[in-house]
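A.B. asks: Have a look at the structure that comes next, please.
The values are calculated or read from the model by the stated rules, or taken from the named source; none is laboratory data. Since this is a predicted model, take the numbers as computed values, not measurements. Here the Cβ positions follow ideal geometry from the backbone for every residue, glycine too, while neighbour counts run over all protein chains shown.
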Amino acid sequence: MKTIIEPFRIKSVEPLRYTTREERERLLVAAGYNLFLIEAKDILIDLLTDSGTSAMSTEQWAALMRGDESYAGSESFFRMKRVVDELTGFRHMIPTHQGRAAERILFTVMCRPGHVVPNNTHFDTTRANIEFTGARAVDLPIPEAADTQARLDFKGNMDVEALERLIQETGAEHIPLAMLTVTNNSGGGQPVSMANIEAVRLVTSRYGIPFYLDACRFAENAWFIRQREPGYASWTPKQIAQKMFSLADGCTFSAKKDAFANIGGFLSTNDDRLAVQETNLLILTEGFPTYGGLAGRDLEAIAVGLQEVLEPAYLNYRIISTGYLGRHIADHGVPIVEPPGGHAIYIDAARMLPHIPRAQFPGQALAVELYRHAGIRAVEIGSVMFGDQARHELLRLAIPRRVYTQSHIDYVVEAILEVNARKEEIRGLEIAEEPPFLRHFSARFRPVSSVGQDASPAADVPGGPVR
Ligand SMILES: *Cc1c(COP(=O)(O)O)cnc(C)c1O
């Protein structure tokens, strides 16, 4: 059969709420053209993030009732630990309320001012938590990742030669750990090959540097390895994931992604001494080590989700359905980051809207137009989010897991193509008000008075990784 169907049927439904174009225009004005400031009830299709937005399965909902809410020694903890131990093989697993809590504990214990932490591309909370300790976060993506149009199988890989140069220049004693983010979220959701993980393992071992995975999307990454990397076609996703983890000394994990949970995460390590320090810190701010800031029922949902996510029928559908959105818009002339990644499609807004200079935020302008036209919410990843540091002007359409059906996605495709057909009419935005930090969450905008005026022409952007 050529048709790939959703590998589930629907037992509980949540109505969508429609708005009219006039209502959306009013809501946009009230929100200062910032989609973070629009209430979720006024969104028809929400592609803001794939984090914590998954639909849980019948087995997960059933497991919630088994949640053991004991303060110490909860049975739910041991059920989750058994699943994580079998999957990762790491000696210690510390539950946390979400991924960034695992990051904060790991970097507080390992990093000091003057330290450097390399990664293929740091996620924004990862970078922020490293920098908060006074250490420096360095991105080392392969050079090809700078070109949004390059179609590589493993565009999320780390530049291993650059890693070795960095170690020699910095001195291994100043590098407390190296990380690989699988899949590379800030790098377009692109996968990392097993060969690249092995190469990073080899280099870090040679210099005695601990190696950690940022494993949020480990299952999607495992599926890409199975489909694209020679030698893995007959492996199960679980076997591939086990091998990925076996090459590392520990990991951070957000259960809001590939564990189909609405909250949760964990920190794992093979280092007994670190685990003691991490557990002490956990108790200080997250909670007792057998719940780590979560309810027992959350631990149950994670335990079940971690098993379901490795089912081949799910992963096949997941990756194909993300690609379906990407191909349908790209093949009709909408420039996307190629090839489609695992959890999201990224539109290259600077390329799509060349009449809007970067100073007038083409990604944000496109986000606003997509909401105005069809009630769809996506997120700008460009100059609004990163200021002068932005390498590209992107609009990310993240796909929540098991939430939307193909007809929802067909609606999104149709809306994007309609917007694309009259894209010359889209006007840029200017900032009316902005806070000192993380302005994308709360800045307010207004449309510029006329197209292209009062702004410098679009700068020719030098190549760099997708942020
Ligand atoms: C989401 C994410 C995190 C942080 O996890 P939270 O649960 O949002 O705190 C870290 N790294 C990557 C790659 C992520 O996608």
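A.B. asks: Exactly one of (1) over 28 Å from ILE283 (Cβ atoms); (2) surrounded by fewer than 17 Cβ atoms within 10 Å (Cβ to Cβ) is unmet by ASN185. Its number?
C.D. replies: Failed condition: (2).
A.B. asks: Something else now. So THR290 ticks every box in (1) β-branched (Val, Ile, Thr); (2) in a helix (DSSP H, G or I); (3) in contact (Cβ under 8 Å) with a residue 60 or more places away in the chain but one. Which box is left unticked?
C.D. replies: With respect to (1) β-branched (Val, Ile, Thr); (2) in a helix (DSSP H, G or I); (3) in contact (Cβ under 8 Å) with a residue 60 or more places away in the chain, THR290 is out only on (2).
A.B. asks: Restricting to the stretch 198-235, what's the tally of residues that are more than 30 Å from SER54 (Cα to Cα) and either within 16 Å of the ligand (Cβ to nearest atom) or surrounded by 24 or more Cβ atoms within 10 Å (Cβ to Cβ) (or both)?
C.D. replies: Selection size over the stretch 198-235: 2.
A.B. asks: Here is a further query. Can you find a residue that is free of Cβ contacts under 8 Å to residues at least 40 places away in the same chain and of a type in the set (A, V, I, L, M) anywhere in the stretch 36-50?
C.D. replies: yes
A.B. asks: Give the residues of the stretch 312-354 that are among the acidic types (Asp, Glu) and out of contact with any strand residue (DSSP E or B) (no Cβ under 7 Å at 6 or more places or on another chain), sorted by residue number.
C.D. replies: If we filter the stretch 312-354 for residues that are among the acidic types (Asp, Glu), which is where we start, we get 331, 338, 348.
Within the stretch 312-354, ASP331, GLU338 meet the criteria.
A.B. asks: When the residues of the stretch 140-161 are filtered to those that are touching a residue at least 40 places away in the same chain (Cβ under 8 Å) and within 12 Å of VAL200 (Cα to Cα), which remaining residue is surrounded by the most Cβ atoms within 10 Å (Cβ to Cβ)?
C.D. replies: My answer is MET158.
A.B. asks: Suppose we filter LEU48, LEU37 for residues that are surrounded by 14 or more Cβ atoms within 10 Å (Cβ to Cβ) and under 27 Å from LEU315 (Cβ atoms); which single one remains? Give the steps one after another, and end with the answer.
C.D. replies: Details: LEU37 fails: under 27 Å from LEU315 (Cβ atoms).
After ruling out the rest, the residue left standing is LEU48.
A.B. asks: For ILE130, indicate whether it is farther than 17 Å from THR252 by Cβ, of a type in the set (A, V, I, L, M, F, W, C), under 20 Å from the mean Cα position of the chain (by Cα) and assigned by TED's automatic domain parsing to the domain that holds THR108. Spell out how you get there, then give the answer.
C.D. replies: On the way: farther than 17 Å from THR252 by Cβ: no; of a type in the set (A, V, I, L, M, F, W, C): yes; under 20 Å from the mean Cα position of the chain (by Cα): yes; assigned by TED's automatic domain parsing to the domain that holds THR108: yes.
No, not satisfied.
A.B. asks: Still on this structure, I have one more. Hey, could you check the stretch 115-139 for residues that are part of a helix (DSSP H, G or I) and surrounded by fewer than 24 Cβ atoms within 10 Å (Cβ to Cβ) and say which is modelled with the lowest pLDDT? Show your work before the answer.
C.D. replies: First pass over the stretch 115-139, keeping only residues part of a helix (DSSP H, G or I): 124-132.
Keeping just the survivors that are surrounded by fewer than 24 Cβ atoms within 10 Å (Cβ to Cβ) gives 124-125, 127-128, 131-132.
Numbers: ASP124: 85, THR125: 89, ARG127: 92, ALA128: 90, GLU131: 94, PHE132: 94.
Here the answer is ASP124.
A.B. asks: Further question: Can you tell me which residue is modelled with the highest pLDDT among those in the stretch 166-195 that are within 16 Å of the ligand (Cβ to nearest atom) and in a helix (DSSP H, G or I)?
C.D. replies: In the first step, residues of the stretch 166-195 are kept if they are within 16 Å of the ligand (Cβ to nearest atom); the result is 177-192.
Now drop any that are not in a helix (DSSP H, G or I), which leaves 185-187.
Numbers: ASN185: 85, SER186: 81, GLY187: 77.
Of everything passing the filter in the stretch 166-195, ASN185 is modelled with the highest pLDDT.
A.B. asks: Considering (1) in contact with a Gly (Cβ under 8 Å, 6 or more places away or on another chain); (2) away from the ligand (no atom under 16 Å from the Cβ); (3) in a helix (DSSP H, G or I), say which one ASP68 fails and leave the rest.
C.D. replies: The single condition ASP68 does not satisfy is (3).
Yes/no matrix, rows are residues, columns are (1) outside the structural domain of ALA344 (by TED's automatic domain parsing); (2) more than 16 Å from the ligand (Cβ to nearest atom); (3) at pLDDT 95 or above; (4) part of a loop (DSSP other than H, G, I, E, B):
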residue	(1), (2), (3), (4)
ILE4	yes, yes, no, yes
ILE10	yes, yes, yes, yes
PRO15	yes, yes, yes, yes
GLU25	no, yes, yes, no
LEU28	no, yes, yes, no
TYR33	no, yes, yes, yes
LYS41	no, yes, yes, no
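A.B. asks: Just for the stretch 243-256: of the residues that are in a loop (DSSP other than H, G, I, E, B) and away from the ligand (no atom under 15 Å from the Cβ), which one is surrounded by the fewest Cβ atoms within 10 Å (Cβ to Cβ)?
C.D. replies: Step one: list which residues in the stretch 243-256 are in a loop (DSSP other than H, G, I, E, B), which gives 247-249, 255-256.
Retained after the next criterion (residues that are away from the ligand (no atom under 15 Å from the Cβ)): 247, 249.
Details: LEU247: 18, ASP249: 21.
The qualifying residue surrounded by the fewest Cβ atoms within 10 Å (Cβ to Cβ) is LEU247.
A.B. asks: A further question follows. Please count how many residues of the stretch 266-287 are outside any helix (DSSP H, G or I), of a type in the set (Gly, Ala, Ser) and on the phi < 0 side of the Ramachandran plot.
C.D. replies: 1
A.B. asks: How many residues, within the stretch 140-153, are under 27 Å from GLN98 (Cα atoms) and either out of contact with any strand residue (DSSP E or B) (no Cβ under 6 Å at 6 or more places or on another chain) or assigned to a helix (DSSP H, G or I) (or both)? First the steps, then the outcome.
C.D. replies: Pass one, the stretch 140-153, residues under 27 Å from GLN98 (Cα atoms): 140-141.
Going one step further and asking which of them are either out of contact with any strand residue (DSSP E or B) (no Cβ under 6 Å at 6 or more places or on another chain) or assigned to a helix (DSSP H, G or I) (or both), we end up with 141.
Number satisfying all stated conditions: 1.
A.B. asks: Something else now. Count, please, the residues in the stretch 412-443 that happen to be more than 20 Å from ALA349 (Cα to Cα) and either crowded, with 20+ Cβ neighbours inside 10 Å or in contact (Cβ under 8 Å) with a residue 24 or more places away in the chain (or both).
C.D. replies: So the first thing to find is which residues in the stretch 412-443 are more than 20 Å from ALA349 (Cα to Cα), and the list is 432-438, 442.
Filter again for either crowded, with 20+ Cβ neighbours inside 10 Å or in contact (Cβ under 8 Å) with a residue 24 or more places away in the chain (or both), leaving 432-433, 442.
So the count comes out to 3.
A.B. asks: Consider the stretch 51-102. How many of its residues are farther than 13 Å from ALA303 by Cα and surrounded by fewer than 15 Cβ atoms within 10 Å (Cβ to Cβ)?
C.D. replies: Of the residues in the stretch 51-102, 9 are farther than 13 Å from ALA303 by Cα and surrounded by fewer than 15 Cβ atoms within 10 Å (Cβ to Cβ).
A.B. asks: Here is a follow-up. When you look at ILE240, is it more than 12 Å from the ligand (Cβ to nearest atom) and part of a loop (DSSP other than H, G, I, E, B), yes or no?
C.D. replies: Numbers: more than 12 Å from the ligand (Cβ to nearest atom): yes; part of a loop (DSSP other than H, G, I, E, B): no.
When the stated conditions are applied, ILE240 does not pass them.
A.B. asks: Another question, if that's okay. Look at GLY292 and say whether it is more than 30 Å from VAL203 (Cα to Cα), surrounded by fewer than 24 Cβ atoms within 10 Å (Cβ to Cβ) and not acidic (Asp, Glu). Before the answer, list the steps.
C.D. replies: Working: more than 30 Å from VAL203 (Cα to Cα): yes; surrounded by fewer than 24 Cβ atoms within 10 Å (Cβ to Cβ): no; not acidic (Asp, Glu): yes.
So GLY292 does not fit the description; no.
A.B. asks: Step by step: first the residues of the stretch 257-278, then only those that are away from the ligand (no atom under 16 Å from the Cβ) and crowded, with 18+ Cβ neighbours inside 10 Å, then the one that is farthest from MET80 (Cα to Cα). Which residue is that?
C.D. replies: Applying the filter and picking the extreme gives LEU274.
A.B. asks: Test ILE105 against the stated conditions and say whether it is closer than 30 Å to ASP348 by Cα and either buried (at least 22 other Cβ atoms within 10 Å of the Cβ) or within 15 Å of the ligand (Cβ to nearest atom) (or both). Outline the logic, then answer.
C.D. replies: Numbers: closer than 30 Å to ASP348 by Cα: no; either buried (at least 22 other Cβ atoms within 10 Å of the Cβ) or within 15 Å of the ligand (Cβ to nearest atom) (or both): yes.
So ILE105 does not fit the description; no.
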